[in-house]
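Have a look at the structure below before the remarks.
The values are calculated or read from the model by the stated rules, or taken from the named source; none is laboratory data. In this text the structure is predicted, and so the values were computed from the model without any measurement. Cβ atoms come from the backbone with ideal geometry, glycine included; neighbour counts cover every protein chain shown. These accessible areas exclude ligands, DNA and RNA; they are computed on the full protein's heavy atoms, side chains included. Shrake-Rupley method; radii C 1.70, N 1.55, O 1.52, S 1.80 Å.
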Amino acid sequence: MAAKIFSMEAREDGGARLALNYKHTGRSGIQRISCDLPQAGLLQLVLFAEALSLRKRFGTPITSDVSLDGLVMSYDPAQRELLVERQAGYSRQTASMPVEDFHSEMAGMTDICIAWAEASKHGPALKRLLFDCAAPAELKRLLGQNEADLAMHQMREIALLLLAQEASARGSALARKLRGKKSQDQAWEAVSCLVLELAAELVPVSA
């Protein structure tokens, strides 16, 4: 059931339309999996794609999945394919596609989500704080300078997406820290801690 065409189309409301055409082995005709993702769902899918990409950069891919209201995407590094399952009522569809095709199409969606985060109310402040976050010393030792710089850039993007979403929530403690002149050190600490947590979770910095 290899996928033939995978596409993501951005929508004006901040979400996206996902479509996957595939062919069942032994059957004629092309089948289609499609669904609309709200902005929060698109962001979750982008973060899933970025996490897969970052782990691949370090040579430590793991089995992982993401569930989006009836849509489940699962990755098994042993298979090098992404399994897509769509449940709508009593109907269930499954298909697979090369993970490279997924990353290629998701690149545009990542750019859209990052642009949204940068343009959010606290986006500029978060970008400034993230720029000041130093890369863990182990990155250069593990990857070399160029790859370490790329990995750190990717972790800053992931952190920006997560932090912008957190800061936009009603009553956000992070938003209050970002607004207050006397709480900038606390805001920087929160931002820096997230980057370090991402490094600890996604890459083998203690290797």
- Just to be sure, is Tyr90 open to solvent by less than 80 Å² (accessible area, probe 1.4 Å) and aromatic (Phe, Trp, Tyr)? no
- So Gly29 fits all but one of (1) closer than 14 Å to Gln93 by Cβ; (2) in contact (Cβ under 8 Å) with a residue 12 or more places away in the chain; what number is the exception? (2)
- Residue within the stretch 122-133 that is small (Gly, Ala, Ser), modelled with pLDDT of 90 or more, over 25 Å from Leu45 (Cβ atoms) and in contact with a helix residue (DSSP H, G or I) (Cβ under 6 Å, 6 or more places away or on another chain) present: yes
- Item | Residues of the stretch 35-66 satisfying the condition of being outside any helix (DSSP H, G or I), surrounded by 14 or more Cβ atoms within 10 Å (Cβ to Cβ) and of a type in the set (Gly, Ala, Ser) | Ser64
- Query: Restricting the search to the stretch 15-50, which residues are within 18 Å of Tyr75 (Cβ to Cβ), touching a helix residue (DSSP H, G or I) at 6+ places or on another chain (Cβ under 6 Å) and small (Gly, Ala, Ser)?
  - Reply: Ala49
- Message: Just checking, does the stretch 169-187 include any residue being of a type outside the set (Lys, Arg), touching a helix residue (DSSP H, G or I) at 6+ places or on another chain (Cβ under 9 Å), surrounded by 13 or more Cβ atoms within 10 Å (Cβ to Cβ) and not in a helix (DSSP H, G or I)?
- Response: yes
- Query: When you look at Ala115, is it surrounded by 16 or more Cβ atoms within 10 Å (Cβ to Cβ) and in a helix (DSSP H, G or I), yes or no?
  - Reply: no
- Inspect all residues belonging to the stretch 135-158 and state whether any of them is open to solvent by less than 50 Å² (accessible area, probe 1.4 Å), acidic (Asp, Glu) and modelled with pLDDT of 90 or more. yes
- Query: List the pairs whose first member sits in the stretch 69-84 and is under 13 Å from Phe6 (Cα atoms) and open to solvent by less than 20 Å² (accessible area, probe 1.4 Å), whose second member is in a strand (DSSP E or B) and not hydrophobic (A, V, I, L, M, F, W, C), and whose Cβ atoms are under 6 Å apart, counting only residues at least 6 apart or on separate chains?
  - Reply: Leu82/Tyr75
- Query: List pairs: first in the stretch 102-128 and free of Cβ contacts under 8 Å to residues at least 40 places away in the same chain, second open to solvent by 20 Å² or more (accessible area, probe 1.4 Å) and of a type in the set (D, E, K, R), Cβ under 8 Å, 6+ apart or cross-chain?
  - Reply: Pro124/Glu118; Lys127/Glu118
